[in-house]
1. Return 20, 26 ranked ascending by Cβ neighbour count within 10 Å, so the fewest neighbours appear first.
2. With both bridge residues required to lie in segment 2-106, what share of the DSSP beta bridges run antiparallel, to the nearest 5%?
3. If only Cα atoms are counted, what is the Rg of the chain, and what is its Dmax, in Å?
4. Would you mind calculating the relative contact order of segment 2-106 from Cα pairs under 8 angstrom and at least 6 residues apart, reporting the percent as a whole number?
5. Counting only helical runs of four or more DSSP H residues, what would the 222 nm mean residue ellipticity of the chain come to if each run contributes -39,500 (n - 2.57) and the total is spread over all its residues?
6. In the Gaussian network model of the chain, springs joining C-alpha atoms below 10 Å, which of 13, 73, 32 carries the largest mean-square fluctuation?
7. Might you report the magnitude of the Cβ-based charge dipole of the chain about its Cα centre, with Lys and Arg at +1 and Asp and Glu at -1, to the nearest 20 debye?
8. Anything over 25 Å Cα to Cα? Flag those among 19/53; 19/61; 19/107; 19/101; 81/107; 74/106, in the order listed.
Amino acid sequence: MLIAVTSSGDSLDSLVNEKFGRCQYFIIVNADTMKYEVVPNPAENAQGGAGPKAAEVLVNKGVNVLLTGHVGDKAEEALKKGHIHIITGLNENTKIADAIKFYLSKK
């Protein structure tokens, strides 16, 4: 299972970014191996449609679950079409590693 977390930095020690479409990075973690990939968000500075553009990145990477603070309506629609389970409500005081551990402990 691949879990993506919206991040303001490029490591597991970085903090969650609450804004899905405008986050700086996605940290994509393989839940089986805990190896991760850092993917810069190409939609971060998009003029419009950042959410759906960001969703396309995660769908193309084969992500199964997204952990973030908030997802807009159009992004949510694109993520659901890509069969990505969305978990919202994370805040910017949470480290990526802690968000992953918490999700896995509740799964």
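1. On the way: 20 27, 26 24.
Ranking 20, 26 by Cβ neighbours within 10 Å, fewest first, gives 26, 20.
2. Details: 13 of 20 bridges.
Bridges in segment 2-106 are about 65 percent antiparallel.
3. That works out to 12.1, 38 Å for Rg and Dmax.
4. Details: 230 pairs, mean separation 33.6, N = 105.
Taking the mean separation of contacting Cα pairs over the length of segment 2-106, I get 32 percent.
5. It comes out at -9000 deg cm²/dmol, rounded to the nearest 500.
6. 32
7. Values: 12 positive and 12 negative charges, 48 e Å.
For the chain, the charge dipole is close to 240 debye.
8. Details: 19/53 13 Å; 19/61 19 Å; 19/107 23 Å; 19/101 20 Å; 81/107 22 Å; 74/106 27 Å.
Too far apart for the 25 Å limit: 74/106.
No lab work stands behind these numbers, since they all come straight from the coordinates. As the structure is a prediction and not an experimental result, all values here were calculated from the model. Methodologically, a virtual Cβ is constructed for each residue, glycine included, from the backbone with ideal geometry; neighbour enumeration extends over all protein chains shown.
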